[in-house]
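Just below is one structure, and these are the notes that go with it.
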Amino acid sequence: MSEANVAEFEEVEKVLTQYIVVRIGSEKYGIDIGYVDNIVRMQKITKVPMAQDYFAGIINLRGEIVPVMSIRKKMGLSEDVFTGKSRIIILKVEERGNLGIIVDEVREVITLSEDDIEKVSNGGSSHGTPKQSFINGIGKNGEELISLFEINDIISEKENSNSN
Amino acid sequence: MDVGQYLEIFIDESSEHLQTLSDCIMTLEQEPDNKDTINEVFRAAHSLKGMAGTMGFKRMQHLTHDMENVFQEVRSDKIQVDSAMIDLLFECLDALDGYLANVKNTSDEGTEDNENIIKELNDFLAKANGEAPKSSAPKKEESAPKKDDAPAASGGEDVHIPNLELTDKEIDDIKSAKDSGHKIYYIDVAIQKDCLLKAARAFLVFKAVEEFGQILVFRPSSQEIEDENFELNFSFVFATSEELEKIEAAATSVSEIENITSISVTDVAMLDQSQAKEEKKEEPKEEKKETPAAPAATPAPAAPAATPAPAAKAGAANNKNTKVAKPVASRTVRVDIEKLDALMNQVSELIIAKNSIVSMSNTDGNGVNSQGFHEQIEYLERITTSLHESVMKVRMVPIESVVNKYPRMIRDLSRKLDKPMELTMTGEETELDRTVVDQIGDPLQHLLRNSADHGIESKEIRAERGKPESGHIFLNAYQEGNNVIIKVGDDGNGIDTEAVKSKAIERGIVTPEQAESMSQKEIVNLLFMPSFSMAKKITDISGRGVGLDVVKSNIEGLGGDVEVESKFGEGSTFTVRLPLTLAIIQALLVEVRGDKYAIALGSILNIEDIAIGDIKYVENREVINLRGTVIPIIRMDKILGIEPREEDPDVLTVVIVNRGDNNAGLVVDNLVGQQEIVIKSLGDYIKANKLISGATILGDGEVALILDVNTLM
């Protein structure tokens, strides 16, 4: 067995995860591709009166009603500004159905191995910026640092409050 | 034992039989001498026993077996039905219910032996026979179900093998098995007349004997057996090196087998007359083994195959019991609700597609063929509408399956509370969507228990009030437009509004001042507030504080609502209103600031143009006087949290909606039109206001929210 083969073999042993890199504001975020059902262009979002304010509304995704969340509002950032690059990422969540989140741009798909990811524990950090509560790790893609979303935190009810 | 595929059928049919038993025993309680009912109880118990045996549920089989024995004695007038027996029988039913619940949850009957019930049953039997009570009687004589059969006569009777019309391959198989030193047997199995799962039986027999050898020939063919395409007998040719006794024992261990006849085959010609004229007869062997596991096999030969093979088709040739009616072709199919849901979704898709064509034709109506195009669209609309109706009908089931357990419940409550009362029900045949029927049971039961416990007064008070001694509880169901109404009530005490009022004040729900200004109806509706229980003491039956609020939220979860009317001292009536359909409705589309909303047509009375000057104020609320009725005005933009218009137009478009006795006028910007809409859920992410009950997709792909106007009134 040649050395190259051995190296390849070892590569396979590591846990690799693919992430979709999106831009929200000036920062880049990674979404585990396993959660992503679909990426759709911006379309008319029907507002639902008196819903949680971080819900932009609902859309018609090929005959299904899918709620769309403004991740910016949930993270306590400024209002969404829709441009030609804005996209809705449709996340598939077992048992609770699909959910869309609005991002400013979809950049690329990257593959990170466990070694490239630095875990971030978000519980109890009292001085962190608000948005950290939805991040479970920082991925190193070459020179770039990419915040990795914890999807379960995004879909959970608790809103980012400024009390911490 | 692979009987999993029959489990669902077993559960369904057992529930039906248990229901029959329950109904019949109720009847027997009133008319202990009703022979028809006694026979029916007997039959139901017997069927249950058979089915439980088939599925290998021994405890259930045992219990039903003993019930059957008792009824055998009742049938032959040795025991009289008395109230002690009725109570015991109800206990049996509860125990069987318990088994069935276990089967439903775990596919197993559980481990409860219910020994004391069985012992009591046997005590009854013993009394009838003038014996001392036995501890248990698992091996009690089995002849009960087959009294009409000829008494057992076995032994030297000649049994012929019918002409099996073997194929060449089968002949070769038999010959080669013989050559390799195996013994060949022709085995004929007769299944009990009332066996319900014949194919399963046959399967179990085959499985049992195949441990000892190989089946060479099936008559009827294995496919036909699998399809239950045979009457009571089936036979097979078997090659084995084991003793015949072992095989017979294995086959007899399967329950509900009437008897087994085996003939040792020495020559292929015995099986097929075309091979030779000569017919050798071996000493036939009649089986009459009884195993405790399967006590149903009894010596009652149904004279299988007594005629030597008419040249008729091999499949039925060996069946002499042809006078047993052929199985009536089933007119119903059991369909998995998921499949119906899928079908329903497809119909929904079709309607959405149709709507989009309609909207295209409306916007682009000056095409060349627009006339023909419109006609075709109308045709398409007719088809989709009727398709939708058919699918809805398929999903409808009568509420009977839910409400027929209530008489028994009221009976038990009546005894427990020592208050005579009776339940009358009408409209059990009223149909509702299956999903609604499945969930309406608990709320209705709760209301009935309330009536029994709190509604009906004690005997003494009833006598004082000059009411008949026996309390009357009713459940009336009927259809009204797009709704099904179920009224549950009693002629009992009614709701003491003063008591409710003081309780509400005590709990801090309302201030004394508010309470003073509340109408009777508003006060009664306080009962639906969470954890508002009026029970002075907590009883088994109700009053744990989980009360009408749960009933209300359950019913609202189904898209319905509940109201109560009551007169103190005279009784109360709860009116449950449920939507007939859940998925597709006719709706009016309206526009408020550019967004479209759908309102169910069923709740709309009419649409009015109201001049701004006609709006009056009553207690600071906007109302209009519409042909003599004062109707409150609700500004849709306001309750939807939308910025109001800077200036009202001169004339407002008002949609008058109705719920029960209440009307309200909704102010909208524009009317869009009427449309059939498919209701879609918003999912559980968005915590929308109760006012929004869902969303729908319009023809042009736009999304409209559905307003539940019931929440406005």
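Selection of segment B:554-588 for residues being touching a Ser or Thr at 6+ places or on another chain (Cβ under 9 Å) and within 19 Å of B:Asp700 (Cβ to Cβ) yields B:Ile584, B:Ala587.
Could you pull out the residue among B:Ser76, B:Ser14, B:Ser83, B:Ser22 that is of a type in the set (Ser, Thr, Tyr) and under 19 Å from B:Ser255 (Cα atoms)?
On the way: B:Ser76 fails: under 19 Å from B:Ser255 (Cα atoms); B:Ser83 fails: under 19 Å from B:Ser255 (Cα atoms); B:Ser22 fails: under 19 Å from B:Ser255 (Cα atoms).
B:Ser14 is the lone residue from the list that is of a type in the set (Ser, Thr, Tyr) and under 19 Å from B:Ser255 (Cα atoms).
Here B:Val546, B:Val576 are screened, and the one residue that is at pLDDT 80 or above and among the aliphatic types (A, V, I, L, M) is B:Val576.
So, in segment B:688-701, exactly how many residues are of a type in the set (D, E, K, R) and at the interface with chain A (Cβ under 7 Å from one of its Cβ atoms)?
We begin by selecting, within segment B:688-701, every residue of a type in the set (D, E, K, R); these are B:690, B:700.
Narrowing further to those that are at the interface with chain A (Cβ under 7 Å from one of its Cβ atoms): none.
Count: 0.
Give segment A:62-84 a look and list any residue that's assigned to a loop (DSSP other than H, G, I, E, B) and closer than 30 Å to B:Gly699 by Cβ, or say none. Within segment A:62-84, A:Arg62, A:Gly63, A:Ser70, A:Asp80, A:Phe82, A:Thr83, A:Gly84 qualify.
Of the residues that sit in segment B:641-670 and are charged (D, E, K, R), surrounded by fewer than 16 Cβ atoms within 10 Å (Cβ to Cβ) and over 18 Å from B:Gly481 (Cβ atoms), which one is nearest to the other protein chains (Cβ to nearest Cβ)? First the steps, then the outcome.
Just the residues of segment B:641-670 that are charged (D, E, K, R), to begin with: B:643, B:645-648, B:650, B:659, B:661, B:669.
Cutting the leftovers down to surrounded by fewer than 16 Cβ atoms within 10 Å (Cβ to Cβ) gives us B:643, B:645-648, B:650, B:661.
Cutting the leftovers down to over 18 Å from B:Gly481 (Cβ atoms) gives us B:643, B:645-648, B:650.
Numbers: B:Glu643: 12, B:Arg645: 16, B:Glu646: 20, B:Glu647: 22, B:Asp648: 20, B:Asp650: 27 Å.
So the residue we want is B:Glu643.
Strands (runs of 3 or more DSSP E) fully within segment B:577-643 that include at least 3 residues being farther than 24 Å from B:Glu563 by Cα and assigned by TED's automatic domain parsing to the domain that holds B:Leu666: B:584-592, B:595-600, B:604-611, B:616-618, B:621-626. Condition test on A:Gly76, is it surrounded by 14 or more Cβ atoms within 10 Å (Cβ to Cβ), within 23 Å of B:Ile692 (Cα to Cα) and either under 12 Å from the mean Cα position of the chain (by Cα) or modelled with pLDDT under 90 (or both)? The answer is no for A:Gly76. Figure legend. Inter-residue proximity from segment A:26-51: first residues within 13 Å of chain B (Cβ to nearest Cβ), second residues surrounded by 13 or more Cβ atoms within 10 Å (Cβ to Cβ) and among the aromatic types (Phe, Trp, Tyr), beta-carbon distance below 7 Å, spacing 6+ or different chains. Indicated pairs: A:Val48/A:Phe55.
Would a scan of segment A:54-61 turn up a residue that is part of a loop (DSSP other than H, G, I, E, B), at pLDDT 85 or above and surrounded by fewer than 19 Cβ atoms within 10 Å (Cβ to Cβ)? For segment A:54-61, residues part of a loop (DSSP other than H, G, I, E, B), at pLDDT 85 or above and surrounded by fewer than 19 Cβ atoms within 10 Å (Cβ to Cβ): present. All conditions but one from (1) surrounded by fewer than 17 Cβ atoms within 10 Å (Cβ to Cβ); (2) in contact with a strand residue (DSSP E or B) (Cβ under 7 Å, 6 or more places away or on another chain) apply to B:Asp700; the one that does not is (2). Counting only strands (runs of 3 or more DSSP E) that sit completely within segment B:361-478, those holding 2 or more residues that are modelled with pLDDT of 85 or more and surrounded by fewer than 19 Cβ atoms within 10 Å (Cβ to Cβ) correspond to B:421-426.
So which of B:Leu588, B:Leu601, B:Leu605 is under 19 Å from B:Thr696 (Cα atoms), of a type outside the set (D, E, K, R) and surrounded by fewer than 19 Cβ atoms within 10 Å (Cβ to Cβ)? Don't jump to the end; show me each part of the working.
Numbers: B:Leu588 fails: surrounded by fewer than 19 Cβ atoms within 10 Å (Cβ to Cβ); B:Leu605 fails: under 19 Å from B:Thr696 (Cα atoms).
Sole residue among the options that is under 19 Å from B:Thr696 (Cα atoms), of a type outside the set (D, E, K, R) and surrounded by fewer than 19 Cβ atoms within 10 Å (Cβ to Cβ): B:Leu601.
Is there a residue being free of Cβ contacts under 8 Å to residues at least 40 places away in the same chain, touching a Leu at 6+ places or on another chain (Cβ under 8 Å), within 14 Å of another protein chain (Cβ to nearest Cβ) and assigned to a strand (DSSP E or B) anywhere in segment B:671-687? No: zero hits. Restricting segment B:688-704 to residues that are within 25 Å of B:Val391 (Cβ to Cβ) and part of a strand (DSSP E or B), the residue that is modelled with the lowest pLDDT is B:Ser693. Contact annotation: residue pairs with Cβ atoms under 6 Å, 6 or more positions apart or on different chains, pairing a residue in segment B:496-518 that is more than 13 Å from B:Met529 (Cβ to Cβ) with a partner that is of a type in the set (Phe, Trp, Tyr), are B:Asp496/B:Phe568. In segment A:132-141 there is at least one residue matching the filter, namely being modelled with pLDDT of 80 or more and either closer than 17 Å to B:Ile686 by Cβ or of a type in the set (D, E, K, R) (or both).
The residue pairs whose first member lies in segment B:592-608 and is more than 14 Å from chain A (Cβ to nearest Cβ) and under 26 Å from B:Arg627 (Cβ atoms), whose second member is basic (Lys, Arg) and part of a strand (DSSP E or B), and whose beta carbons are closer than 9 Å, counting only pairs six or more residues apart or on different chains, are B:Ser603/B:Arg659.
Among the residues in segment B:428-442, are any outside the structural domain of B:Met392 (by TED's automatic domain parsing) and closer than 12 Å to B:Gly489 by Cα? No, segment B:428-442 contains no residue that is outside the structural domain of B:Met392 (by TED's automatic domain parsing) and closer than 12 Å to B:Gly489 by Cα. Residues that are small (Gly, Ala, Ser) and away from chain B (no Cβ under 13 Å) within segment A:52-78 comprise A:Gly76, A:Ser78, listed in sequence order. Output yes when any residue across segment B:271-283 is modelled with pLDDT under 75 and crowded, with 23+ Cβ neighbours inside 10 Å, and no when none is. Within segment B:271-283 (the criterion being modelled with pLDDT under 75 and crowded, with 23+ Cβ neighbours inside 10 Å), the answer is yes, since at least one residue qualifies.
The values are calculated or read from the model by the stated rules, or taken from the named source; none is laboratory data. Just so we're clear, the structure is a prediction, and the values are computed from it rather than from any experiment. Here the Cβ is made from the backbone with ideal geometry for all residues, glycine too, and neighbour counts use every protein chain on show.
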